Amino acid sequence: MSRGKQTLPQPGPASTRRTGSRLKRIVACVVTVVIVGVIAFAAFAWRPAFSEVPTPAPSSFSPVLIQQGARLAAAGFCASCHTTTGGKPFAGGYAMKTGFGTIYSTNISPDRETGIGTWSEAAFLRAMHEGVARDGSHLFPAFPYDHFTKLSDADVQALYAYVMTRPPVHAENHADEMPFPLGIRALQAGWKLLFFHPGRFEFQSSESQLWNRGAYLAESLSHCSACHTPRGPLGEELTNRLYQGAAVDGWFAPALTAANPTPVPWTSAELHDYLTTGLSRYHGPAAGPMAPVTHELATLSPDDQQALVTYIESLGAGDTRAGRTAPAVTAALAVDARDSQKISTANGRLFISACASCHYNRTPDVNPNRPELGLNSSVFVDDPSNLIRVILYGISVKEGAGGIVMPGFARGMSDEDVASIAAYLRSTRTDKPQWPNLTKQVAAIRAAGPGEIR
Ligand code: HEC
Ligand code: HEC
Ligand code: HEC
């Protein structure tokens, strides 16, 4: 027995023996603390499994409820994340690259083996409100449950009715690719403790019904801030910088507050056109990851669209600055007119030959099918990614306004050419400092490739 051994005389000077036993006590203490800590954390992280239930028959849900669920699913972009391009709806497998590895969305069709066909409504409700799967494991916040937690029970029930009445698809989930220990699901309990605030949306009585409806949609289902708010080192949204603009999927989602740097304010009218048609007269098209958002918002009821516009407008109070629109447009058109005169720089000539045939506007107003680069956010934001991407890869028919496209220049232009045009626009259209290391940034975006346009 080790206990008996300790009482035996030890060789060596007494001081070493004392240090030795003190060290052992310290080690024993540390080990005990660690073991107790691990047990306590495991107990804290543990969630019960919900038992499997028979898949509810489609006829058990009322058509009205299913319809309501369909509209909510559109506003929550469920299909965008839970379907791969060309894949079956809701079969999952869409890869989300995060700073912590690649997480794949799961099969949420009602297939009993590979989807969520065995999930009760209670299990679904817990997943949406708390980010816990039916088997009790924690879900990663790539699934925006930190926003869905604000959904009312009634809306989650409608979503359940909609999802459970989709055709079941047999498709195994794709294993996540995350380095150890980030893939350990129990650790998510720690993340939740630090950053997750479960709870339903709170009505603001100082604001109108319409504003509240918009806030509810934006903050819960449509999770606008998941892309438009910068994130901290652990992937948490920085709540003290809400909607102040953030890098996402190789793009930059501009600020939706008064910090938005475009010269024309985001008025209700501009927001309405942009969010519901994918193109606004002065701010141009919604490209990249914003394109599928606008496609879904186009299917919302007019009331919900107006509610969303009302709430988003209030973030930057664009309507109060509507008077700035006319002077900003006049200034941008004056730059276009100057460009049509003699150009003395090589960068300028490159821009004129490659871009100005389409991106030229003349008084009295901007033609929305010829986005005015002197008003477009891609030229004004601190991050040049959007402008570089659009020049390299163009704008597909799936993005922006239906029916109009922009060609990409990746094959015809060198990294220096693209950088020169970006620099020319930055210096002639804005009073902002030049972007640093442009050529390198073009090379990096070219190396990363166009990504998936959805
Ligand atoms: C931004 C992308 C994204 C959106 C939008 C999204 N999901 Fe997901 N969802 C995910 C990912 C990724 C996972 C897997 C998370 C994990 O493995 O921890 C997931 C998991 C789930 C799960 C758990 C399934 C399981 O197998 O454990 C449910 C249920 C779910 N989503 C429902 C929905 C519904 C309903 C909507 C629309 C209201 C929605 N999701 C919108 C990305 C998304
Ligand atoms: C998946 C990420 C993502 C989500 C979700 C998202 N956005 Fe965006 N948003 C972007 C990106 C990226 C851009 C830049 C698009 C471009 O340059 O064409 C953008 C652009 C915008 C713009 C134009 C800003 C400007 O100055 O050009 C507005 C307005 C906007 N989003 C509002 C919203 C609203 C409202 C929601 C929620 C209903 C939302 N976004 C959800 C990624 C997202
Ligand atoms: C053949 C016509 C054409 C040419 C040439 C062209 N564009 Fe475009 N561009 C468009 C159209 C059309 C859109 C809007 C697309 C849509 O709404 O789907 C657009 C959109 C844009 C946007 C808005 C992106 C956003 O997300 O808001 C930028 C920036 C842009 N172009 C820059 C350029 C630059 C720089 C060049 C030259 C290298 C160029 N374009 C050449 C037609 C063109």
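The values are calculated or read from the model by the stated rules, or taken from the named source; none is laboratory data. Predicted model only: the values in this text are computed from it and were never measured. Cβ placement follows ideal geometry from the backbone for every residue including glycine, while neighbour counts extend to all protein chains displayed.
For region 109-144, the candidate set comprises residues that are part of a loop (DSSP other than H, G, I, E, B) and among the aliphatic types (A, V, I, L, M); within that set, the residue that is farthest from ligand 1 (Cβ to nearest atom) is 116. Condition check for residue 204 on (1) of a type outside the set (A, V, I, L, M); (2) assigned by TED's automatic domain parsing to the domain that holds residue 387; (3) more than 24 Å from residue 74 (Cα to Cα): one failure, at (2).
Being buried (at least 20 other Cβ atoms within 10 Å of the Cβ) and in contact with a Pro (Cβ under 7 Å, 6 or more places away or on another chain): is that true of residue 241 here? Steps first, please.
Working: buried (at least 20 other Cβ atoms within 10 Å of the Cβ): no; in contact with a Pro (Cβ under 7 Å, 6 or more places away or on another chain): yes.
Against the criterion (buried (at least 20 other Cβ atoms within 10 Å of the Cβ) and in contact with a Pro (Cβ under 7 Å, 6 or more places away or on another chain)), residue 241 does not qualify.
Aliphatic (A, V, I, L, M), out of contact with any helix residue (DSSP H, G or I) (no Cβ under 6 Å at 6 or more places or on another chain) and loosely packed, with under 14 Cβ neighbours inside 10 Å: does that describe residue 154? Steps first, please.
Details: aliphatic (A, V, I, L, M): yes; out of contact with any helix residue (DSSP H, G or I) (no Cβ under 6 Å at 6 or more places or on another chain): yes; loosely packed, with under 14 Cβ neighbours inside 10 Å: yes.
For residue 154, the condition - aliphatic (A, V, I, L, M), out of contact with any helix residue (DSSP H, G or I) (no Cβ under 6 Å at 6 or more places or on another chain) and loosely packed, with under 14 Cβ neighbours inside 10 Å - is met.
For region 291-322, residues that are more than 27 Å from residue 395 (Cβ to Cβ), in a helix (DSSP H, G or I) and in contact with a Pro (Cβ under 9 Å, 6 or more places away or on another chain) total 4.
Matching residues to (1) surrounded by fewer than 16 Cβ atoms within 10 Å (Cβ to Cβ); (2) more than 10 Å from ligand 3 (Cβ to nearest atom):
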site	(1), (2)
350	no, no
353	yes, no
357	yes, no
371	no, no
381	no, yes
385	no, yes
390	no, no
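Go over the candidates 454, 429 one by one and state the one that is within 16 Å of ligand 2 (Cβ to nearest atom), of a type outside the set (Val, Ile, Thr) and not assigned by TED's automatic domain parsing to the domain that holds residue 297. Matching residue, one of 454, 429: 454.
The residue that is nearest to ligand 2 (Cβ to nearest atom), among those in region 389-422 that are touching a Ser or Thr at 6+ places or on another chain (Cβ under 9 Å) and β-branched (Val, Ile, Thr), is 390.
Residue check: is residue 136 among the small types (Gly, Ala, Ser), at positive phi and touching a strand residue (DSSP E or B) at 6+ places or on another chain (Cβ under 9 Å)?
no
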